[in-house]
Amino acid sequence: MQTGLKSYNYGSKRQWRKWVWNRIVERLDISPRVARGFYLLGPDNEDYKIAKQKKFRPANLIGIDMNKKAVISARKQGCIAIQGDISDIICNWGERIDFVNADFCCGLTKQFYRFMGSLMDAKSISDKTVIALNLLRGRDGFSSGVLENAKIGKNEFERKFGRLPKFIEQKMNEKMGNVNKHRGMMAISQIGEFLYYLKRGKFPSGNSITMFYLHYTLMKKMRPDFSWYKSNSGNMIMDSVVFKYPINCEGEYRLDKCMKNKIAAAKAVRTKKILA
Ligand SMILES: C[S@@+](CC[C@H](N)C(=O)[O-])C[C@H]1O[C@@H](n2cnc3c(N)ncnc32)[C@H](O)[C@@H]1O
């Protein structure tokens with residue numbers, strides 16, 4: 001079903017969607033049959049079909065989109081769908097969330113960082129929640145600083161420990177297109193920086209070796225897996241990462257009355273589906 005938005009139904013994206021849902025299933029502590037979570041709808045609601053094939057239940061799949069047409073279209077298909085910013089919905093949901101499949105069409109934008117902040121701010125997110133991100137490489141003002149820090153960090157690491165063996169770098173590049181530019185890698189590095197800040201009250205300098213060890217410890221916890229693909233037109237690169245969120249959040253409800261009403265309506269539809 002089309003909504004007038006750009007369609008995302010093409011070969012490499014179809015393959016990629018399966019890859020994402022498989023990585024989510026691998027990282028869940030529970031069976032997909034009982035796992036509940038969020039995904040971004042888009043114009044065709046393609047993820048819904050794949051998630052069902054992977055044994056997720058329709059009553060546990062909550063589709064989200066800021067775009068009204070996408071939400072109306074999904075509801076016509078009998079899906080649970082909420083219109084709004086995914087960050088607000090995560091913060092106001094108030095119950096356990098097992099996965100968030102955030103196939104954004106943007107890069108490391110302000111709105112994306114708001115989303116990253118909402119993960120920390122929400123009661124529903126725990127160290128059992130699996131997060132999938134899909135991000136556009138390039139065209140984002142915010143990434144230049146992160147890219148610069150990554151380069152400084154890499155140089156510092158190589159001065160201390162020597163160059164990474166070439167085959168490791170090659171393997172990483174195969175997986176990520178370009179390890180230094182991969183937006184999923186940058187996004188999870190930011191989580192490291194947030195956690196460093198929470199612990200020490202300041203952000204690490206780019207060349208901090210402590211930062212490297214923090215990443216190493218986090219990586220073991222998060223078990224990230226990376227991929228990338230070219231868009232239909234071939235001139236855009238999308239970077240993905242699937243990982244387990246590393247901490248339990250102590251966030252409070254963000255009391256947004258309008259969002260609360262929308263969520264209450266979605267929960268009522270969900271209960272009806274479970275009882276049907
Ligand atoms: C790339 S599409 C999703 C495609 C879908 N996963 C698929 O494969 O068919 C991204 C959708 O997310 C919506 N979106 C982007 N940022 C959002 C946000 N912060 N909150 C809610 N919806 C958002 C856009 O309107 C768009 O329809």
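The values are calculated or read from the model by the stated rules, or taken from the named source; none is laboratory data. These numbers come from a predicted model, not from an experiment. Please note: Cβ atoms are built from the backbone with ideal geometry, for glycine as well, and neighbour counts cover all protein chains shown.
Summary of computed values
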item	result
Residue in the range 66-74 that is assigned by TED's automatic domain parsing to the domain that holds Lys128, at pLDDT 95 or above and more than 11 Å from the ligand (Cβ to nearest atom) present	yes
Asp98 being more than 19 Å from Ile24 (Cβ to Cβ) and more than 11 Å from the ligand (Cβ to nearest atom)	no
Meets criteria (surrounded by 13 or more Cβ atoms within 10 Å (Cβ to Cβ) and at pLDDT below 80) for Leu164	yes
Yes/no for Ile86 being surrounded by 16 or more Cβ atoms within 10 Å (Cβ to Cβ) and near the ligand (Cβ under 9 Å from one of its atoms)	yes
Evaluation of Asp225 against (1) at pLDDT 75 or above; (2) over 30 Å from Arg75 (Cα atoms); (3) out of contact with any strand residue (DSSP E or B) (no Cβ under 6 Å at 6 or more places or on another chain) (one fails), failing number	(3)
Residue that is nearest to Asn232 (Cα to Cα) [pool: residues in the range 103-118 that are touching a helix residue (DSSP H, G or I) at 6+ places or on another chain (Cβ under 7 Å) and either of a type in the set (S, T, N, Q) or buried (at least 23 other Cβ atoms within 10 Å of the Cβ) (or both)]	Leu108
